[in-house]
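Novice: Here it is, the structure, as structure tokens.
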Amino acid sequence: MTEAIVIEGVRKRYGDKAALDGLDLTVGRGTVHGLLGPNGAGKTTAVRVLTTLLRPDAGRAEVAGYDVVRQADRVRRRIGLLGQHAALDEELGGRQNLELFGRLYHLGARRAGARADELLKRFGLADVGRKSVKQYSGGMRRRLDLAVSLITEPEVLFLDEPTTGLDPRGRAEVWSSVRSLVDSGTTVLLTTQYLEEADQLAHRISVVDHGRVIADGTADELKARTGGDRIDVVLRDAGQLGAAVALLPVPAEGVTVDADRRLISAPVTDRMKALAEVLRALDEAGIEAEDIALRRPTLDEVFLHLTGEDHRVKEAV
């Protein structure tokens, strides 16, 4: 079996609102699959269905080969879940937290202690294992929370916005831990509000909007859907933005202007030809550019292009 997760036509309503409206999704074993979408798109509802916390109204879902409704107990034995908020006792040490969860999962005292030591070492926390969690940094707490979710060595791990509220260093620590998990064979379904996070970690990405998958592919495949490469021009004088847009030898469709950053961004087909023509046109018009760069579209641009919404808007479902 090559798929760790299969969802077919899953529906879930909250009153008049369809949180999931015929969701279809497959996730390959031993991969990171990113689930992106505006808040309220149904990502967290999908995770709750897949982790047996919520019963779907219709459709079928399987995790690790087991039906989430008819074989919920078997699914639970094979999954781990890292939610948006840490489930740690701040007064206990890191090792004590791991031992506690080990006992809750019915591991014997000796096995729980051994597993705690294994995970502390794996996540680089062995030297602080006896310190109380309230002394940990945000990244350390999240790594410990991730370790807790792996107490039972799950086949499939669900990460629901795992780095929310972390600084760049903390996010990098969690990313490194996730990569090591996948290298060891764990399948990860990742929901995130950080577009860079999906770009860094996910082998494939599904964009969800209004309870359905509206696009699916690798990060590069999704970026190609916005029109390929772009050229960014930062002018020295913001007052020349209008004149520069008018003379640039690129299609007007898709050109964006950011006056605060003095930035013009436009789609291009022939990268090097477009760069040479833009440089020539600006030089002939006497318009000074502070910076010019060719780049691929960002996932932020893909996200907005596909959903037509600002991913920063907060509306939880």
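Novice: So MET140 fits all but one of (1) outside any loop (DSSP other than H, G, I, E, B); (2) at pLDDT 90 or above; what number is the exception?
Specialist: Status for MET140: all satisfied but (2).
Novice: Could you pull out the residue among ALA64, ALA58, ALA109 that is aliphatic (A, V, I, L, M), out of contact with any Phe, Trp or Tyr (no Cβ under 6 Å at 6 or more places or on another chain) and farther than 21 Å from GLU8 by Cβ? Steps first, answer last, please.
Specialist: Numbers: ALA64 fails: farther than 21 Å from GLU8 by Cβ; ALA58 fails: farther than 21 Å from GLU8 by Cβ.
Selected residue: ALA109, the only one of ALA64, ALA58, ALA109 that is aliphatic (A, V, I, L, M), out of contact with any Phe, Trp or Tyr (no Cβ under 6 Å at 6 or more places or on another chain) and farther than 21 Å from GLU8 by Cβ.
Novice: Here are some residues: GLY34, GLY42. Which one is more than 18 Å from VAL156 (Cα to Cα), under 16 Å from the mean Cα position of the chain (by Cα) and in contact (Cβ under 8 Å) with a residue 60 or more places away in the chain?
Specialist: Details: GLY34 fails: more than 18 Å from VAL156 (Cα to Cα).
So the residue among GLY34, GLY42 that is more than 18 Å from VAL156 (Cα to Cα), under 16 Å from the mean Cα position of the chain (by Cα) and in contact (Cβ under 8 Å) with a residue 60 or more places away in the chain is GLY42.
Novice: With ARG171, ARG142 as the choices, which residue is in the same structural domain as THR51 (by TED's automatic domain parsing), touching a residue at least 40 places away in the same chain (Cβ under 8 Å) and touching an Asp or Glu at 6+ places or on another chain (Cβ under 9 Å)?
Specialist: It is ARG142.
Novice: Within segment 214-226, restricting attention to residues that are closer than 22 Å to VAL178 by Cβ and of a type outside the set (D, E, K, R), which residue is surrounded by the most Cβ atoms within 10 Å (Cβ to Cβ)? Talk me through it step by step, then tell me what you get.
Specialist: To start, the set of residues in segment 214-226 that are closer than 22 Å to VAL178 by Cβ comprises 216-223.
Going one step further and asking which of them are of a type outside the set (D, E, K, R), we end up with 217-219, 222.
Values: GLY217: 15, THR218: 12, ALA219: 21, LEU222: 26.
Ranking the qualifying residues of segment 214-226, first place goes to LEU222.
Novice: Taking segment 275-298, which residues are crowded, with 16+ Cβ neighbours inside 10 Å and within 24 Å of ALA219 (Cα to Cα)?
Specialist: Within segment 275-298, PRO297, THR298 meet the criteria.
Novice: Quick check on ALA126: is it touching a His at 6+ places or on another chain (Cβ under 9 Å) and modelled with pLDDT of 90 or more?
Specialist: When the stated conditions are applied, ALA126 does not pass them.
Novice: Could you tell me which of the residues GLU62, GLU91, GLU99 is acidic (Asp, Glu) and in a helix (DSSP H, G or I)? Walk me through it before giving the result.
Specialist: Working: GLU62 fails: in a helix (DSSP H, G or I); GLU91 fails: in a helix (DSSP H, G or I).
Result of the check over GLU62, GLU91, GLU99: GLU99.
Novice: Still on this structure, please answer the following. Which one of these does ALA109 not meet: (1) of a type in the set (A, V, I, L, M); (2) free of Cβ contacts under 8 Å to residues at least 12 places away in the same chain; (3) on the phi > 0 side of the Ramachandran plot?
Specialist: For ALA109, the exception is condition (3).
Novice: For VAL234, work out the one condition from (1) surrounded by 22 or more Cβ atoms within 10 Å (Cβ to Cβ); (2) assigned by TED's automatic domain parsing to the domain that holds VAL278 it doesn't fulfil.
Specialist: Status for VAL234: all satisfied but (1).
Novice: Of the numbered conditions (1) over 30 Å from ARG142 (Cα atoms); (2) touching a residue at least 60 places away in the same chain (Cβ under 8 Å), SER206 satisfies every one except a single condition; which is it?
Specialist: Single failed check for SER206: (1).
Here's the yes/no breakdown for (1) in contact with a helix residue (DSSP H, G or I) (Cβ under 7 Å, 6 or more places away or on another chain); (2) surrounded by fewer than 21 Cβ atoms within 10 Å (Cβ to Cβ); (3) acidic (Asp, Glu):
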{"position": "ALA41", "(1), (2), (3)": "no, no, no"}
{"position": "ARG70", "(1), (2), (3)": "no, yes, no"}
{"position": "GLY83", "(1), (2), (3)": "no, yes, no"}
{"position": "ALA86", "(1), (2), (3)": "yes, yes, no"}
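Novice: Quick one: which residue in VAL234, VAL174 is outside any helix (DSSP H, G or I) and not basic (Lys, Arg)? Working first, answer last.
Specialist: Details: VAL174 fails: outside any helix (DSSP H, G or I).
Only one candidate qualifies: VAL234.
The values are calculated or read from the model by the stated rules, or taken from the named source; none is laboratory data. None of these values were measured; they are calculated from a predicted model. As a convention, Cβ positions derive from the backbone with ideal geometry for all residues, glycine included, and neighbour counts pool all protein chains shown.
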